[in-house]
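Asker: Supplied in structure tokens, the structure appears directly below.
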Amino acid sequence: MAAWFTSNGPAAYLTCTSMMFDPVQPCTTQVLGFIPVTVNLLHTLCHLNTGIIGLVAVLRRSSALTYALIGAAYYVAWGILGLASDADVRYYMGVDVFGSWVHIAEGTILVLLWAGDRFSRRHATHPNAQGDPSPVVTLLQDRRPAAEDDATRISS
């Protein structure tokens, strides 16, 4: 998601190069001929900044989880504000109604990523009835380095 948000910055600029001369004036383009995308400089910077913060946050699991929760709240709030506001507020936000729904979806994806991590961690410590961890947990759980396993066996 952090890479997605970051990529939205340059992509938005390419669809609305006039934003550098009039940062509040929104531009609307049709992606794939039918998906309206409205942006202005404020909208672009919001995506670019949250994306860059996310790229740094994902370097550590704990900060990635914090980023997912804060980012989810931010994008859902931004989406709700866009839906609940009138056209004047959306104009300054550089967003349309469709984009507001997209922001809610982006926030929801961040919550689902956070919840998926929490779910996989919980199940990694509680094997199923047969004593085997679920296949999903086996793929997602952290592994200790082999050297650490060897050191534990030698000292035991």
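The values are calculated or read from the model by the stated rules, or taken from the named source; none is laboratory data. Keep in mind it's a predicted model, so treat the numbers as computed, not measured. We place every Cβ from the backbone using ideal geometry, glycine too, and count neighbours over all the protein chains shown. Please note that ligands, DNA and RNA were not included when accessible areas were found on the heavy atoms of the full protein model with its side chains. Shrake-Rupley method; radii C 1.70, N 1.55, O 1.52, S 1.80 Å.
Asker: Restricting the search to segment 65-83, which residues are surrounded by fewer than 22 Cβ atoms within 10 Å (Cβ to Cβ), in contact with a helix residue (DSSP H, G or I) (Cβ under 6 Å, 6 or more places away or on another chain) and free of Cβ contacts under 8 Å to residues at least 24 places away in the same chain?
Answerer: L83
Asker: Same structure again: Kindly evaluate A87 against the criterion of being closer than 24 Å to C16 by Cβ and not hydroxyl-bearing (S, T, Y).
Answerer: Yes; evaluated as a whole, the condition is true for this residue.
Asker: Please list, ordered by first then second residue, the pairs with beta carbon atoms under 8 Å, 6 or more apart or interchain, first in segment 31-59 and aromatic (F, W, Y), second surrounded by 13 or more Cβ atoms within 10 Å (Cβ to Cβ).
Answerer: Within 8 Å, no pair qualifies.
Asker: Okay, next question. Within segment 105-125, track down each residue that is within 18 Å of H47 (Cα to Cα), open to solvent by 30 Å² or more (accessible area, probe 1.4 Å) and among the aliphatic types (A, V, I, L, M).
Answerer: A105, I109, V111
Asker: Output the qualifying pairs, or none if there are none: Cβ atoms under 9 angstrom, residues six or more apart or on different chains, first residue in segment 100-127 and modelled with pLDDT of 85 or more, second residue open to solvent by 100 Å² or more (accessible area, probe 1.4 Å) and among the small types (G, A, S).
Answerer: Close Cβ pairs satisfying both conditions: none exist.
Asker: Which residues, taken from segment 16-64, are loosely packed, with under 13 Cβ neighbours inside 10 Å and either within 15 Å of G107 (Cα to Cα) or touching a Pro at 6+ places or on another chain (Cβ under 7 Å) (or both)?
Answerer: Answer for segment 16-64, where residues must be loosely packed, with under 13 Cβ neighbours inside 10 Å and either within 15 Å of G107 (Cα to Cα) or touching a Pro at 6+ places or on another chain (Cβ under 7 Å) (or both): just Q30.
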